[in-house]
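**Student:** Following this message is one structure expressed as structure tokens.
The values are calculated or read from the model by the stated rules, or taken from the named source; none is laboratory data. Predicted model, so just to flag it, every value in this text is computed and none were measured. Here the Cβ is made from the backbone with ideal geometry for all residues, glycine too, and neighbour counts use every protein chain on show.
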Amino acid sequence: MDGRDARENTETGGKKLLIVAGETSGDQHGAHLLSALKERDPEIAVWSVGGEKLRRAGARQIVGIEKLSVIGLLEVLKKAGVILSAFRAVLRKVDEEKIRTAVLIDFPDFNLRLAKALKKRGVRVLYYISPQVWAWRKGRIHQIRRDVDHMFVIFPFEKELYEKAGVPVTYIGHPLLDEPFPAEEPEDLQREFFPGLSPNEKRTSFVLGLLPGSRESEVSRLYPRMLEAVERLRTDFPDIRILVPQAPGLDDRLFFEHEAPFVWTKDEGHFQRIRGKFRETVKACDLVILASGTATLETALLGVPMVIVYVMNPLTYLLAKKLVRVPAIGMVNLIAGKTVMPELIQEAASPGNIEKTVREILVDPDRLPEMKNALWNVQEKVGEAGASKVLAEGVMEFLSINQKT
């Protein structure tokens, strides 16, 4: 690099950063990273593919996550035009602003392709939250070695995997631990959401959470099954209370459509859908039914037992079944090394099976305490807080390299 190029890089790219987070969880982690970066250098300019949390943290949005958050082969094909447009918009902004460092958060189908394009432009690519190469499509690790300058991973076993593959890697711990946990006791939170719930009534009732996911496609597939399962449970548990933490970015109308057939969803004394208080809502529950994903680990960290359910497009499921080589799909079970929380996948995730599984847990006085004990072991394996600060230090080092080269 000659002197002119070095001056240009310092003046136009050294303090500029791209953060790409294609999903709600990534938006949350990206916002924590940006806050930690701003503490170290308030002058950093950040452009993002992200959501409301990254915007609030100070990122200039290129594309919103609501346009990209899809899962499954057919769903991706349906949105191919939108995804391609977003891809091009990101690269245009990188070229216009001469951005020389990027942090790509999870979202591998988009981000690994983007990493290749960024690398060709001379951008230093940092990848935060590894694709699950240890579970499926292991060949991606060769692409990562080629296109990614440094991996920042959240599980200890991932560090060993990348070191063996010759990929620069740093283990930083899990970012979910950086989020504040509710200080209130579960019983206090239950009375906050359901003021009419008396201590005496609580002995014969339960608070059940329904977490159908953060994507429209997940909600459309899973929420009706969950609601129907509750309808069946109410025969023997008429006082059961239902809490639904609504993911940011999802329209109320999506939920109203599925709730309409069930009269009890209009009874605020027995049903509450809450936006913006995920941890408080989940901690208030005795048990939750939830979509497989990051939420399983976050729920485990809150110490709340769960039944994991997931339904994909049939073609996507057939492909995944051939490619995936893990004994469970829930992250909480993968970390535990065995199935400590029940999983109901695809055809098994019927309303009848969901109802049966939940009923068996609720009628057995020993089951919920046993599940909570299993979650303590998972919590110990996850580690300690501080991931965002460690990552921020690593990113600052790469930004400093930009200024010196």
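**Student:** Under 6 Å between Cβ atoms, at least 6 apart or on separate chains: pull out the pairs that start in segment 345-360 with a residue that is assigned by TED's automatic domain parsing to the domain that holds PRO224 and without any contact (Cβ under 8 Å) to a residue 60 or more places away in the chain and end on any residue that is surrounded by 15 or more Cβ atoms within 10 Å (Cβ to Cβ) and basic (Lys, Arg).
**Tutor:** Sorted first by the residue in segment 345-360, then by its partner, the list stays empty.
**Student:** Looking at segment 38-73 only, could you name the residues that are at pLDDT 90 or above, under 21 Å from the mean Cα position of the chain (by Cα) and in a helix (DSSP H, G or I)?
**Tutor:** Across segment 38-73, the qualifying residues are GLU52, LYS53, LEU54, ARG55, ARG56, ALA57.
**Student:** How many residues are assigned to a helix (DSSP H, G or I) and out of contact with any Ser or Thr (no Cβ under 8 Å at 6 or more places or on another chain) when one looks only at segment 174-188? Quick ask: steps written out before the conclusion?
**Tutor:** Pass one, segment 174-188, residues assigned to a helix (DSSP H, G or I): 175-178, 186-188.
When the remaining residues are screened for being out of contact with any Ser or Thr (no Cβ under 8 Å at 6 or more places or on another chain), the result is 177, 186-188.
Selection size over segment 174-188: 4.
**Student:** A further question follows. Quick check on segment 164-180: of everything there that is over 19 Å from VAL133 (Cβ atoms) and among the hydrophobic types (A, V, I, L, M, F, W, C), which residue is surrounded by the fewest Cβ atoms within 10 Å (Cβ to Cβ)?
**Tutor:** In this case the residue turns out to be LEU177.
**Student:** Follow-up. Would you be able to say whether some residue in segment 84-95 is modelled with pLDDT of 95 or more, β-branched (Val, Ile, Thr), within 30 Å of LEU161 (Cβ to Cβ) and touching a Gly at 6+ places or on another chain (Cβ under 7 Å)?
**Tutor:** No: zero hits.
**Student:** Of the residues in segment 5-31, how many are at pLDDT 95 or above and surrounded by fewer than 24 Cβ atoms within 10 Å (Cβ to Cβ)?
**Tutor:** 1
**Student:** Can you tell me which residues in segment 236-284 are farther than 26 Å from GLY64 by Cβ, in contact with a Phe, Trp or Tyr (Cβ under 7 Å, 6 or more places away or on another chain) and part of a helix (DSSP H, G or I)?
**Tutor:** TRP264, THR265
**Student:** Determine, yes or no, whether ASP239 is at pLDDT 95 or above, more than 23 Å from SER350 (Cβ to Cβ) and surrounded by fewer than 17 Cβ atoms within 10 Å (Cβ to Cβ). Explain how you work it out, then say what you get.
**Tutor:** Values: at pLDDT 95 or above: no; more than 23 Å from SER350 (Cβ to Cβ): yes; surrounded by fewer than 17 Cβ atoms within 10 Å (Cβ to Cβ): yes.
For ASP239, the condition - at pLDDT 95 or above, more than 23 Å from SER350 (Cβ to Cβ) and surrounded by fewer than 17 Cβ atoms within 10 Å (Cβ to Cβ) - is not met.
**Student:** Here's a follow-up. Would segment 311-328 turn up any residue that is more than 19 Å from ASP236 (Cβ to Cβ), among the aliphatic types (A, V, I, L, M) and at pLDDT 90 or above?
**Tutor:** No, segment 311-328 has no match at all.
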